[in-house]
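Below is one structure, written out as structure tokens, with a few remarks after it.
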Amino acid sequence: MKYWKKMSANERSERIHQALSENIDFNTDASLGYPASRLDEKVFANESLFLKEMPVLQTFIANPNHIGCHTFGTSEFAFRGTQEIEREVLKMIAIDLFKANEEEGFDGYISPGGTEANIQAVWVYRNLFLKQYNALPQEIAIIASEDTHYSIPKASNLLMIDFLPIEVDFNTRAPKTESIRAELKKALSNGKKYFIIVANMGTTMFGSVDNPTLYTQILEEYQLPYQLHIDGAYGGFVYPFSEQENNINFTNPQVSSLTIDAHKMLQAPYGTGIFVCRKGLINNVLTKEAEYVEGLDLTLCGSRSGANAVAVWTILTTYGPHKWYEKISILKMRTNWLCKQLDSLSIAYFREPEMNIVTIQAQYIDEKIAHKYNLVPQKHNQENQWYKIVLMEHVELEHLKDFINEIKALQMQMHS
Ligand SMILES: *Cc1c(COP(=O)(O)O)cnc(C)c1O
């Protein structure tokens, strides 16, 4: 890891104060042109002493605007200090975690969430096909499994390109090869020529990780142009820390971009979805009309808080990669424990190895227990077949024990 390093509280504080000092200071500098300021001081007191100890909150109150994309061309001069912090976060993720080649570089930004990062990806590829292949929108389609997050049908709806959901195997949650072939045949006969693949690094409901080769192999067999996006919104801070080698990162030439949310596993504040892509792609969504923004705009959202970048940076440098690995390992151990208990009770469930989600077949779970422990159903109606447990930081063995004991008690009751 070249960029992602653990730092002491002092080092972090110094780095953030330096970044803030390089930004425009709405308290002291004459800044006449921005439709922005520090947060309202009647509500957000900014002279309080305790803030000096909390650089993230200090940044929140200083209120830097990270509008635009800071890995490409020029950016707003006024917020250059904290923009550099955002670039450092992106390097930790793109280069260290997902192994982008440093010479080739990458582009990206911290978006309001995984939804926007996914839409940004589909937007980039739709425009790439329109511009470089003279494609018509109706000739482009998105391919992803039926377990894919609803942000992908949202992107399909917004960008007016069809979404072809691929059936998954009920037990393994793996996209079915027959379904990919069938959907592709149908699509070709409907005039589709260009494909945007979204492969999941951890689906929301199951934590299942799609092997992207399932898709790319078939598209290459048919010699069809495609782009591959990885949705690691949930699993991006878990799956890469598994023991086994995997190729779902930028060492795989087929992977063009990635989504990874810091506001899920990383426990960063909401507003920290992360989009990263290879160089030479993001320029497909340049909005030239954004003339008042220095460097124009390559993002979907426009204004966004620089405090979010500082929050993610602070979490990553507080842990460093080794402590993060340890934290994830503990969550996996709890997951293993839960799976063992379920096995001993003969309860059927799905768990992706190395992930911290356990999704239990609903027929084995009493509705009252599911409700009491706030298990999340796959569907909020009569058709529900699954309940999930996400082994987050706050889900401790104590809670899991109580849950398992209640199931046991119920089983005994029914068998007596
Ligand atoms: C949560 C999630 C998203 C959407 O993220 P938001 O930050 O809620 O917009 C996208 N994909 C997956 C796999 C997710 O789990």
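In the chain, the DSSP-assigned H stretches of four residues or longer account for a calculated mean residue ellipticity at 222 nm of -11500 deg cm²/dmol, using -39500 (n - 2.57) per stretch and the full residue count as denominator. From most to least packed by mean Cβ count within 10 Å, the peptides 276-289, 223-236 give 223-236, 276-289.
For Q18 and L130 in the same chain, what is the full-extension length gain: residue separation times 0.36 nm, less their Cα-Cα distance, in nm?
On the way: separation 112, 0.36 × 112 = 40.32 nm, distance 4.32 nm.
Contour length minus the Cα-Cα distance gives 36.0 nm.
The antiparallel fraction among DSSP beta bridges confined to the chain stands at about 55%. Within the straight-line cut-off of under 20 Å between alpha carbons, the lysines reachable from K186 are K176, sequence neighbours fewer than 8 places apart in one chain being disregarded. Each of C339, C301, C69 was scored by other Cβ atoms within 10 Å of its Cβ. Arranged with the fewest first, they read C339, C301, C69. Taking 0.36 nm per residue of separation and subtracting the current Cα-Cα distance, fully stretching the chain between L224 and W337 would add 36.2 nm. Ordering L228, Q83, V312 by the projection of their Cα atoms onto the charge dipole of the chain, which places +1 on the Cβ of Lys and Arg and -1 on the Cβ of Asp and Glu, puts L228 at the extreme positive end.
Under the criterion of Cα pairs below 8 Å and six or more residues apart, the relative contact order for segment 49-136 equals 21 percent.
Convex hull volume of the C-alpha atoms in segment 321-415, normalised per residue: 101 Å³. Of T71, T148, the sequence from fewest to most neighbouring Cβ atoms within 10 angstrom is T71, T148. Between K99 and Q361, what is the FRET efficiency for a Förster distance of 25 Å, r being their Cβ-Cβ separation, to the nearest 0.05? About 0.10, to the nearest 0.05. In Å, what Kirkwood hydrodynamic radius results for segment 77-318 from the alpha-carbon pair distances? Value: 18.2 Å, from the Cα pair sum. Ordered by the number of other Cβ atoms lying within 10 Å of each residue's own Cβ, fewest first, S305, S145, S242 fall into the sequence S242, S305, S145. The chymotrypsin sites (Phe, Trp or Tyr not before Pro) of segment 114-203 that meet both conditions, a loop assignment by DSSP and at most 15 other Cβ atoms within 10 Å of the site Cβ, are Y133, Y150, F170. Label separation (E167 vs Q138): 2.8 nm, computed from points 7 Å beyond Cα along the C-beta direction.
So which GluC sites (Glu not before Pro) in segment 1-101 pass both tests, a DSSP loop state and at most 10 other Cβ atoms within 10 Å of the Cβ? Passing both the DSSP loop test and the Cβ count: E47. Above 30 Å, the calculated P(r) of the chain contains 47 percent of its Cα-Cα pairs. Computed from the C-beta positions of S344 and S37, the FRET efficiency with R₀ = 56 Å rounds to 0.40. Were the residues from M412 through Q385 laid out at 0.36 nm apart, the gain over their Cα-Cα distance would be 7.4 nm.
Please sort by residue number the chymotrypsin sites (Phe, Trp or Tyr not before Pro) in segment 309-386 whose DSSP state is loop and whose Cβ has at most 13 other Cβ atoms within 10 Å.
none
Throughout, read-outs are computed from the coordinates displayed, never taken from laboratory work. The structure displayed is predicted, hence computed values, not measured ones. When we count neighbours, we look across all protein chains shown, and the Cβ atoms used for this are built from the backbone with ideal geometry, even at glycine.
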